[in-house]
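Have a look at the structure below, then the notes.
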Amino acid sequence: MTERLEDIATAMVAPGKGILAADESTGTIKKRFDSIGLESTENARRDYREMLFRTEEAMRNYISGVILFDETLRQKAADGTPLAELIRSSGAIPGIKVDKGAKPLALSPGEQITEGLDGLRERLAEYYDLGARFAKWRAVITIGDGLPTWNCENANAHALARYAALCQEAKIVPIVEPEVLMDGPGATHDIDRCYDVTHKVLRIVFRELHAANVNLEGIVLKPNMVIAGQKCSKQASPNEVAEKTVKCLKATVPSAVPGIAFLSGGQSGEEATRHLSLMNEIGNLPWALTFSYGRALQAAALQAWGGKSENVAAGQRAFAHRAKMNSLAALGKWQDKLEEAA
Ligand code: 13P
């Protein structure tokens, strides 16, 4: 029996649950492993991810789905169980990153376009057979002097819409991720500039989704929060981030979308949790607001593990803690003092 797209999307943003983004490409996971002095071998990547997916408390209670990289969807745990099966048996849904990365946008210096549409229909059919029920495509928008350009916004939104339509044709829920970057060498912009760019990008994205006949009830949006660039001298308060993000999303995201799952984008684990909780405290929202964090869910676990088998339990404790904190944040019930209890 094929599940309905709407039901999968709703399950991905179920109350108190969110998504673990563990889809780092081979290049990105190498950078993460470099930070703990670990060589990035196929087995090391498997061991690390197996540690996360075997964190029963987190996976069963707080995680609705896991975004995987191609290699991981095909990998088996040390005992021979496919990693996708581990995820499914914990009650979470396996998902797959299907974009082929952001490449320089021709004739648009400093900007990027995400590739991966060629052959995507065939790849989606295979991913479905391997157990994936949702997918992810990340578009990258850089703020800078005269950036983003009309060309970059429109090219990326168009690609996102073509990807989303192909996913739905394949009975796979598309996570639509237009990321306005908060980090990078030129990220000196303030929160209001982030608001304006995010607002414009989201309007264009929904225009393109509409033009491509995408069913909004069968997608999950994965946006950035509205936040100052990391190099901006004037950082906004957590309340301002929460208020401006909710205002921006209300102005641009149709209520037919079942849920919005934020990326963390360079925020620390605790910051990303605090912002999400404050937004849910505002309440009266037409969609679920939850997390689809990569770094903000994994950084503490990666450090605690350090690539050593004797630290697996410590890594799992760190992951379970962050997952629980974010689950509370998705309900608007996180509090500072709960962090100390860790
Ligand atoms: P971060 O939460 O680390 O930004 O990663 C989420 C993600 O999936 C980016 O594509």
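Read-outs throughout are calculated quantities, based only on the coordinates presented, and are distinct from any laboratory measurement. This is a predicted model, so every value here is computed, not measured. Note: ideal-geometry Cβ built from the backbone for every residue, glycine included; neighbour counts use all protein chains shown.
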Complete set of residues in the stretch 307-342 that are of a type in the set (Ser, Thr, Tyr) and either surrounded by 21 or more Cβ atoms within 10 Å (Cβ to Cβ) or under 27 Å from Lys136 (Cα atoms) (or both): Ser327
message: Give me the residue from the stretch 285-306 that is assigned to a loop (DSSP other than H, G, I, E, B) and closer than 25 Å to Val140 by Cβ and, out of that set, nearest to the ligand (Cβ to nearest atom).
response: Gly294
task: Return the total of residues in the stretch 264-284 being more than 15 Å from the ligand (Cβ to nearest atom) and surrounded by fewer than 18 Cβ atoms within 10 Å (Cβ to Cβ).
output: 4
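Restricting the search to the stretch 5-28, which residues are free of Cβ contacts under 8 Å to residues at least 24 places away in the same chain and not acidic (Asp, Glu)?
Taking the stretch 5-28 as the starting set, the residues that turn out to be free of Cβ contacts under 8 Å to residues at least 24 places away in the same chain are 7, 27-28.
Across the stretch 5-28, the qualifying residues are Gly27, Thr28.
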message: Based on this model, can you work out whether Ala21 counts as buried (at least 23 other Cβ atoms within 10 Å of the Cβ), assigned to a loop (DSSP other than H, G, I, E, B), of a type in the set (A, V, I, L, M) and within 16 Å of the ligand (Cβ to nearest atom)?
response: no
- prompt: Name the residues in the stretch 199-247 that are farther than 21 Å from Phe291 by Cβ and of a type in the set (A, V, I, L, M, F, W, C), would you?
  reply: Ile204, Phe206, Leu209, Ala211, Ala212, Val214, Cys232
statement: Of those in the stretch 134-186 that are in a loop (DSSP other than H, G, I, E, B) and within 12 Å of the ligand (Cβ to nearest atom), the residue surrounded by the fewest Cβ atoms within 10 Å (Cβ to Cβ) is Asp183
- prompt: Restricting attention to the stretch 48-69, does a residue exist that is more than 15 Å from the ligand (Cβ to nearest atom), surrounded by fewer than 23 Cβ atoms within 10 Å (Cβ to Cβ) and either under 17 Å from the mean Cα position of the chain (by Cα) or within 24 Å of Glu177 (Cβ to Cβ) (or both)?
  reply: no
statement: Pairing a residue in the stretch 253-265 that is within 9 Å of Ala288 (Cβ to Cβ) with any residue that is within 15 Å of the ligand (Cβ to nearest atom) and small (Gly, Ala, Ser), where Cβ atoms lie under 8 Å and the two sit 6 or more apart in sequence or on different chains, gives Ala261/Gly18; Ala261/Ser292
